[in-house]
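Bear in mind that the values in this text are calculations on the coordinates, not laboratory data. Since we're looking at a predicted model, the values are computed, not measured. Counting neighbours? That spans all protein chains shown, and the Cβs are built from the backbone with ideal geometry, glycine included.
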Amino acid sequence: MKQNNATSPTAMRRRRRMTENYMVIWVDGNIDLENEDYQNTLVQLRDVAIDVLICTEATQCIIFLNDMDNEKVFIISSGTIGQHLIPDIHDMPYIHAIYIFSDNKQRHEAWSKNWGKIKGVYTSITPICDALQIAIKQCNQHNISVSIMDVNADGFSEDLNQLEPSFMYSQIFKEILLNMKYSQNAFRDLVRFCQQEYEDDSRELKFIDEFQRTYRPTTAIWWYTSDCFVYKMLNYALRKLDGDIIIRMGFYLCDVHRKITYLYKKQISQCHGQIFLVYRGQGLSTTDFKKLTKNQGGLIAFNSFYPPVRIAMSRSNSPWMA
């Protein structure tokens, strides 16, 4: 089997710090990045996911997974390796979905049906990329940090020392960022940072170029609701409380906050006190859901912006989400 630098154990380290909530691991003993077909496959994958790790052995994949820090992982595995790898990794909580990539679909469909996280056996990379794109979008929507706290009848926590650290830190960040003064250099620094983080992602680089040319404070919400780097990077930073990224995006966070405040006041004046119903679907881990049910009447805080819709959507069909 051919071994090259791209698949050696030392290459298992990430090319750069992650700024998204997920990564893709491609496991196949026949990967040869000097082969044009494999190069094209990798290009297609990196159009969907910025971080793609390549492993040619099951042990490489397992070593890396054991060192993970709560990111969501999508596995693409050959059928041959998958038969031995999946039993060892299937129940790891951060593995979101598994895709078997093999020419022998009939052979591998038989055993793969026994594993709930396996989404199917595919003979082409294109449908895998299509499925990944949908799954990653759902992952970003549900991967929001949640703080759940018990409160007394007056609406205050019985013990401030028991408040979740993520809740307190997010409040501190909010107070600091909203009172900071930002220069035009802050915008240029963020653009450069994004270009470096997404240097291998042609799709996101196009969005970054458009962001650089057209962004105005009045378009802040439009950018946040677009399926591009802004939403993914910001949610990652808020979930991880990554101070470096949060500060880099500070001016943008302020723009979104001010725009939401303006629209809220405008809406209140137009509604004349009438109440209307909106919806927001949110997947929770079973642990968070149990905590939620035990704290009825308490406080729930989402450490991110939380855009609702007027029409209720279907829930996640993942058995690991509530």
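For the range 5-142, the Stokes-Einstein estimate of translational diffusion at 10 °C and a viscosity of 1.306 mPa s comes to 106 µm²/s, using the Kirkwood hydrodynamic radius over alpha-carbon pairs. Each of V73, Q83, Q39 was scored by the projection of its Cα onto the charge dipole of the range 26-110, and the greatest displacement toward the positive side belongs to Q83; charges sit on the C-beta of Lys, Arg, Asp and Glu.
Across the range 5-142, C-alpha contacts under 8 Å between residues 6 or more apart give a mean separation that, scaled by the residue count, equals a relative contact order of 24 percent. Once you reduce the range 218-257 and the range 68-127 to the center of their Cα atoms, the two points are 32 Å from each other. Here, the range 180-269 yields an orientationally averaged convex hull projection of 6.3 nm² when only Cα atoms define the hull. Annotation: amide H of F101 within the under-5 Å range of S77, S78, G79, Y122, sequence separation 5 or more or interchain, hydrogens built in the peptide plane. From most to least packed by mean Cβ count within 10 Å, the peptides 76-88, 105-117 give 76-88, 105-117. For the range 262-278, putting each phi into the Karplus relation 6.51 cos²θ - 1.76 cosθ + 1.60 with θ = phi - 60° gives couplings of 4, 5, 5, 4, 5, 5, 4, 5, 7, 7, 6, x, 6, 9, 10, 9, 10 Hz, in residue order, rounded to whole numbers and with x for Gly and Pro. Taken about its Cα centre, the range 5-142 carries a charge dipole of roughly 380 debye when the Cβ of each Lys and Arg holds +1 and the Cβ of each Asp and Glu holds -1. Couplings 3J(HN,Hα) for the range 96-102, derived from phi with the Karplus relation 6.51 cos²θ - 1.76 cosθ + 1.60 (θ = phi - 60°), are 8, 7, 10, 10, 8, 10, 7 Hz, where x marks Gly and Pro.
Explain nothing, just the number: dipole magnitude of the range 171-314 about its Cα centre with +1 on each Lys and Arg Cβ and -1 on each Asp and Glu Cβ, in debye rounded to the nearest 20.
With Lys and Arg at +1 and Asp and Glu at -1, about 680 debye.
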